[in-house]
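> Please find one structure pasted underneath; my questions will follow.
The values are calculated or read from the model by the stated rules, or taken from the named source; none is laboratory data. Everything numeric here is computed off the predicted structure, so don't read it as measured data. Note: ideal-geometry Cβ built from the backbone for every residue, glycine included; neighbour counts use all protein chains shown.
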Amino acid sequence: MLTLAIPSRTTGSKLLVWKQDPTVKGLKLQRPVYIHSAIEPGPKDSQIKIMNSEISPDENGDFVGYTNIEDINAVHTFAVARQLLTMYERILNRKLVWGWNTLGGNKPLRIYTNAGCDRAENPLFGSYDREGLIKLYWLEGADNQAIYACQSMDLVAHEVSHAIIDAIKPGWMQAGNREVSAIKESFCDISSMFLFLSQLDLVEFIIANTKGCLYDSNNLSMIAEQFSQIINFGKGIRNALNTKKMDEVDFDRSTYGSSLVLTGAIYNIMADHFMLQRNSRIKDDAYALYQTGQCISRLFTKAICHTNLETASFARIAKNMLYQARAYDDIIVFEIIRQNFIDRKILPAQDPSSTW
Ligand SMILES: [Zn+2]
């Protein structure tokens, strides 16, 4: 007879986060999320530490009920960083060792949520250094109100993703190759989208607001709406919904501009994949979109893992994604990926290595 060991209780904590950022209509309020792993006062755990905070959980082990904005920001930032790291650890099926610990040591990723506001000196919203320090800035908005970069899920996810790709590809840290830099920036923006699609309530929100059509501008395709409004960048610091092609960008002139080609390709692959596999008659559209996020995040991350520094390029990542789709024996996904990379001129139209 089989004896089932059914756990009798769960551990973990409830935390409050802003889904996206506090200006996004319909998502203004903080929502509770559940983090299954142990969180220490700070908040911190063995991999992530909020530096400018020392708060403790309540008697239930939850990080809720704070009234001070610095405390609220600390909880939100920790939660987003933790969710993102957990998402990649699930995809890779292993605990990530941070890049700065590969030669030994066990230093966590350290994050400052209120690292000053001097726009002349600081980058637009945050910075990451390879020793594992993330600084998220705040700016003065209308009526002298502080606008915190850390309140944006996209911006936190972007900076933490820099640490994640350095952990996945430690050899890429010092690379002077401009295309590798663009891959890294793209990875960080794409990560924000993957994190978005891994959250069931956000997936439902996007379906309700787009009626399931991802080809129009939406909260998923616009990265960091609140900050872009303040710095007059229009809708989102970067928009994944674009038609940029390889022959329209110059890696030497703009890393961010060039990264949009890859980001746009992955966004369109997700949109096409969702449109093809949704079937409202037999399953909820939100569930279909969640599955799209799971599928494409897996293929893209594995493609990055299999890309070597010596040959790293958008085209190599495209080919590695095709290879992954073939390994999963998924001809539909293969064809969606192939077509989108050809459209972006990342792959040539006639390429024997990109046929099924
Ligand atoms: Zn970046």
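> Suppose we keep only residues that are touching an Asp or Glu at 6+ places or on another chain (Cβ under 8 Å) and part of a helix (DSSP H, G or I) within the range 133-154. Which one would you say is nearest to the ligand (Cβ to nearest atom)?
Initial filter on the range 133-154 (touching an Asp or Glu at 6+ places or on another chain (Cβ under 8 Å)): 134, 136, 146-147, 151-154.
Narrowing further to those that are part of a helix (DSSP H, G or I): 151, 153-154.
Numbers: GLN151: 18, MET153: 15, ASP154: 11 Å.
If we take residues in the range 133-154 being touching an Asp or Glu at 6+ places or on another chain (Cβ under 8 Å) and part of a helix (DSSP H, G or I), then ASP154 is nearest to the ligand (Cβ to nearest atom).
> Still on this model: Condition (residue is within 16 Å of the ligand (Cβ to nearest atom) and either touching a helix residue (DSSP H, G or I) at 6+ places or on another chain (Cβ under 8 Å) or at pLDDT 90 or above (or both)) applied to the range 198-212: is it met by at least one residue? Steps first, answer last, please.
So the first thing to find is which residues in the range 198-212 are within 16 Å of the ligand (Cβ to nearest atom), and the list is none.
For the range 198-212, residues within 16 Å of the ligand (Cβ to nearest atom) and either touching a helix residue (DSSP H, G or I) at 6+ places or on another chain (Cβ under 8 Å) or at pLDDT 90 or above (or both): absent.
> Looking only at the range 155-179, filter to residues that are among the charged types (D, E, K, R) and away from the ligand (no atom under 11 Å from the Cβ); which one of those is surrounded by the fewest Cβ atoms within 10 Å (Cβ to Cβ)?
ARG178
> Would a scan of the range 289-300 turn up a residue that is surrounded by fewer than 15 Cβ atoms within 10 Å (Cβ to Cβ) and basic (Lys, Arg)?
no
> Looking at the range 8-64, which of the residues that are in a strand (DSSP E or B) and among the polar types (S, T, N, Q) is modelled with the lowest pLDDT? Don't jump to the end; show me each part of the working.
First, pick out the residues of the range 8-64 that are in a strand (DSSP E or B): 13-18, 30-35, 40, 42, 44, 48-50, 55, 63.
Cutting the leftovers down to among the polar types (S, T, N, Q) gives us 13, 30.
On the way: SER13: 93, GLN30: 85.
Within the range 8-64, the match that is modelled with the lowest pLDDT is GLN30.
> Ok, one more. Looking at TYR112, TYR128, which is the one that is at pLDDT 95 or above, surrounded by fewer than 23 Cβ atoms within 10 Å (Cβ to Cβ) and assigned by TED's automatic domain parsing to the domain that holds VAL33? Talk me through it step by step, then tell me what you get.
On the way: TYR128 fails: at pLDDT 95 or above.
Residue meeting the stated conditions: TYR112.
> Only one of these conditions is not met by LEU347: (1) outside any helix (DSSP H, G or I); (2) in contact with an Asp or Glu (Cβ under 8 Å, 6 or more places away or on another chain); (3) closer than 23 Å to SER221 by Cβ; (4) not polar (S, T, N, Q). Which number is it?
(2)
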